[in-house]
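**Student:** Just passing along the structure, written as C-alpha cells.
The values are calculated or read from the model by the stated rules, or taken from the named source; none is laboratory data. This one's a predicted model, so the numbers in the text were calculated from it and none came from an experiment. All Cβ positions, even for glycine, are placed from backbone atoms using ideal geometry, and neighbour counts span all protein chains on display. Accessible surface areas use protein heavy atoms only, side chains included; no ligands, DNA or RNA. Shrake-Rupley method; radii C 1.70, N 1.55, O 1.52, S 1.80 Å.
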Amino acid sequence: MNSRNTIIAIIATLSASLAFAEDFKTVNGKEYKNVTIIRVETDGIVLKNKSGITKVYFTELPSNVQKRFQQNSGGVVKQNAPSAEHRLGGTAAQFAAWYGAPNDSPGLDRNFPLLNDAIHHSYEYEGWRIRAAFLPPDGPAVRMEYLKVIKAGVNPTIQDYELQAIMAANTPAGATWKEVMYNNPDSPNKGLSKTLEGYFAGVVGERMWQRSDGAMLWLRSKLIARLELPAAHEYEMKLKGEKEKKARESVPQF
C-alpha cells in the first residue's frame, strides 16, 4: 500500500471512530459516558458530551485504549505528555512555537489593551489573528482573543465547529466547558438593566462558557472569541489596589 493509500486508510479508520458515542474509564476510575471523540492529538483525545468538551491524556487511559489510538494514527503515544498543552496559560515562548513569531500591533495594544500593563503579542495563524496578554515579566497568557483575518471570500462569523476547535485547544486534561448566563464583567449595569443587557446581548450572538477551573470563554457578536483565566481579573484588582494606594499616599498632610 503506497503512502497516499495509507493516509486515506488512517483517515477512514479515525473518522469511523469519531462518529460514534463511546464510554471511557481512566486508570484512576473516572468515567466518561456517551462521549464522542472530536479530535485525536499526539498526547490524548478530545471528547464531547452534553456536559461539554474535555481532553483526556493517553497516560490517563488503560494501555489497551492507548494501543488502539496508537495503531490507528500510526504514531507513538507520548508517555511524558506535557501537563499544559492548552493555549490559555501558555508562555510567550510556547505561543511562538505554536504560531510562529509574533506580528504585534503596538497601536492597537496601547489604545485597546486586552489587559492593562500586561505584555501583548499578536500572531497570524491559518487565517486567524490571535492576541494574547501575558503577565509581566515572562508569565503566562491570562487573556486571549481569536478573530478571523478579514479578506475577500472569508466569512468573519465564528462558526460552531470553529468555536469547538478553540475550546478543544484550550481544554486541559479533566476540564470541561459549560455554557453559562451572559454576564459582561466590564459592565457597570445592575438589576433590571443587567437583565436587559443580557437579553439584547443574546440577540446579537453574545454567549459565555465557563471552564471547570474558572476560566471563561466569551463569544462577542459571533466575531471574537475571548478567553481568560481568573488570574486576569486578579491582576486587574491588584493594579486597581496599587493605584488607589498611590492616590491615598499622594494626599498632602494638611
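**Student:** Scan the stretch 215-254 residue by residue and report those that are touching a Pro at 6+ places or on another chain (Cβ under 9 Å), open to solvent by less than 60 Å² (accessible area, probe 1.4 Å) and not in a helix (DSSP H, G or I).
**Tutor:** Correct list: A215, M216, W218, E228, L229.
**Student:** Right, next: What are the residues in the stretch 130-160 that are modelled with pLDDT of 95 or more and of a type in the set (D, E), if any?
**Tutor:** Correct list: E145 only.
**Student:** On to the next question. Please determine whether any residue of the stretch 202-209 is outside any loop (DSSP other than H, G, I, E, B), among the acidic types (D, E) and at pLDDT below 95.
**Tutor:** No - not one qualifying residue is present in the stretch 202-209.
**Student:** Going through K238, K246 one at a time, which residue ends up being within 15 Å of A118 (Cα to Cα), among the basic types (K, R) and modelled with pLDDT under 95?
**Tutor:** Selected residue: K238, the only one of K238, K246 that is within 15 Å of A118 (Cα to Cα), among the basic types (K, R) and modelled with pLDDT under 95.
**Student:** Across the stretch 20-50, what is the total count of residues that are out of contact with any Pro (no Cβ under 8 Å at 6 or more places or on another chain), open to solvent by less than 70 Å² (accessible area, probe 1.4 Å) and either of a type outside the set (S, T, N, Q) or at pLDDT below 80 (or both)?
**Tutor:** Residues that pass the stated criteria total 15.
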